[in-house]
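To start, the structure under review is shown below, and the notes come after it.
The values are calculated or read from the model by the stated rules, or taken from the named source; none is laboratory data. None of these values were measured; they are calculated from a predicted model. For neighbour counting, all protein chains shown are included, and Cβ atoms are generated from backbone atoms with ideal geometry for every residue, glycine included. Only protein heavy atoms, including side chains, enter the accessible area calculation; ligands, DNA and RNA are left aside. Shrake-Rupley method; radii C 1.70, N 1.55, O 1.52, S 1.80 Å.
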Amino acid sequence: MFIESDMAMFMSTRRSEVLKMIRARDSIGVNELIDSFDVSPATLRKDLTYLAEQGLIVRSRGEVHVASKSTVTPFESRSVIEQQGKMAIARAAAALIEDNDSIILDSGTTTNEIAKLLVNRSDVTVLTNSLPAAFILVDSNCSVLLAGGILFKQNVSTQGPEAEEYISRVEMNKVFIAASGVRSTIGLAASSPFEESLKRRLIQSAKTVYAVLDHTKFSKSSIYLFADFDDIDYIITDREITDPAFIERFEEANVQVIVAGE
């Protein structure tokens with residue numbers, strides 16, 4: 001029997017799978033999608049309406065198409081992409097957080113999944129610049145520190161000099177850092193100079209650095225490099241890394257890789 005949280009997870013997983021199928025073809029008939037999933041036509045059409053509202057697809061008569069790749073994906077839209085992998089990463093990360101621990105949660109959809117797993121924890125101090133993560137933890141027993149600053153709408157976080165100055169005054173045990181992509185075998189990259197600067201500060205304010213990266217990030221790059229792999233202690237990901245170049249680089253930098261679920 002599904003409880004409400006199980007049903008929400010099932011729905012998000014299905015929408016993610018629907019989106020994958022559309023992206024694999026660029027465009028696909030609605031009836032073909034309906035035949036591919038074990039749900040009613042009405043339910044599938046609701047999924048398509050949701051994905052269209054998030055700007056991920058465009059609907060036309062009898063077909064759906066991938067939205068323009070030049071469009072920046074809204075924060076809520078990204079939360080349904082690779083959600084199973086992100087949830088697995090979050091579970092692995094949460095298992096590393098001890099009672100009386102002090103942690104930093106970077107902004108991002110994966111770190112928000114970590115926040116959800118801390119709601120019933122006690123005696124954990126969380127510093128974050130993510131407004132969604134702070135909101136998730138409102139009713140928890142965690143002590144929550146929210147860095148103030150300029151609101152960055154793309155991922156609903158605070159950035160800028162005020163946020164960085166606040167973060168610079170603290171030292172926490174662990175930071176769980178996200179990235180827009182991986183720059184070859186060099187390090188982690190962000191999509192804006194403001195993110196780059198703030199993420200550098202987050203790393204400097206923690207004793208141990210965990211990068212939380214779903215497998216798709218290793219095939220993406222981004223403009224602004226904010227961390228060399230020498231700055232990272234652990235990478236938590238959802239699939240085994242088999243590329244010899246990455247394996248060699250991680251060994252050189254003494255980065256330990258944790259594959260969620262193993």
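Which longest uninterrupted range of the chain lacks any chymotrypsin sites (Phe, Trp or Tyr not before Pro) assigned by DSSP to a loop state (not H, G, I, E or B) and surrounded by at most 15 other Cβ atoms within 10 Å? Numbers along the way, then the final one.
On the way: sites that count: Phe2, Phe37.
Excluding the exposed sites themselves, the longest stretch runs over 38-262.
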Run the quick spin-label model on Ser184 and Lys46: label points 7 Å from Cα toward the beta carbon, then report their separation in nm to one decimal. 4.9
Long-range amide H partners of Leu225 with built H, under 5 Å: Ala190
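Apply the a/c threshold of 1.5 to the C-alpha gyration tensor of the stretch 145-262 and tell me whether it is rounded, prolate or oblate.
On the way: a/c = 2.03, a/b = 1.63, b/c = 1.25.
It is prolate, given that a/c is not under 1.5 and a/b is the larger ratio.
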Name all residues of the stretch 174-217 having a backbone nitrogen under 15 Å from the label point set 7 Å from the Cα of Glu98 along its Cα→Cβ direction, giving them as ranges. 174-175, 207-209
Selection of trypsin sites (Lys or Arg not before Pro), the stretch 208-262, meeting DSSP coil and at most 15 other Cβ within 10 Å: Lys220, Arg239
Between 0 and 90 degrees, rounded to the nearest ten: what's the tilt of helix 83-94 against the longest Cα principal axis of the chain? 20
Taking the DSSP beta bridges in the chain as the whole, what percent of them are antiparallel, to the nearest 5? 45
Mind grabbing the accessible area of Asp230 for me, 1.4 Å probe, Å², rounded to tens? 90
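How about the stretch 161-203: which GluC sites (Glu not before Pro) there lie in a loop by DSSP and see at most 16 other Cβ atoms within 10 Å?
Working: sites: Glu162, Glu164, Glu165, Glu171, Glu195, Glu196; in loops: Glu171.
Passing sites in the stretch 161-203 are Glu171.
For Lys153 and Ser191, calculate 0.36 nm times their separation in residues minus their Cα-Cα distance, and state this gained length in nm to one decimal.
Result for the pair: 12.4 nm of gain on full extension.
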What is the distance, in nm, between label points placed 7 Å from the Cα along the Cα-to-Cβ direction at Asp230 and at Phe135? 4.1
Show me 178-189, 52-63 ranked by packing, highest mean number of other Cβ atoms within 10 Å first. 178-189, 52-63
For the chain, take the longest principal axis of its alpha carbons; what is the angle in degrees between that and the long axis of helix 4-25, to the nearest 10 within 0 to 90? 70
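Helix-derived [θ] at 222 nm for the chain: sum -39500 (n - 2.57) over DSSP H runs of at least 4, divide by residue count, nearest 500?
-11500 deg cm²/dmol
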Computed over the Cα atoms, what is the radius of gyration of the chain divided by 2.2 N^0.38 Å, N being its residue count? 1.04
With a 1.4 Å probe and every protein chain left in place, tell me how much accessible area Arg200 has, in Å² to the nearest 10. 100
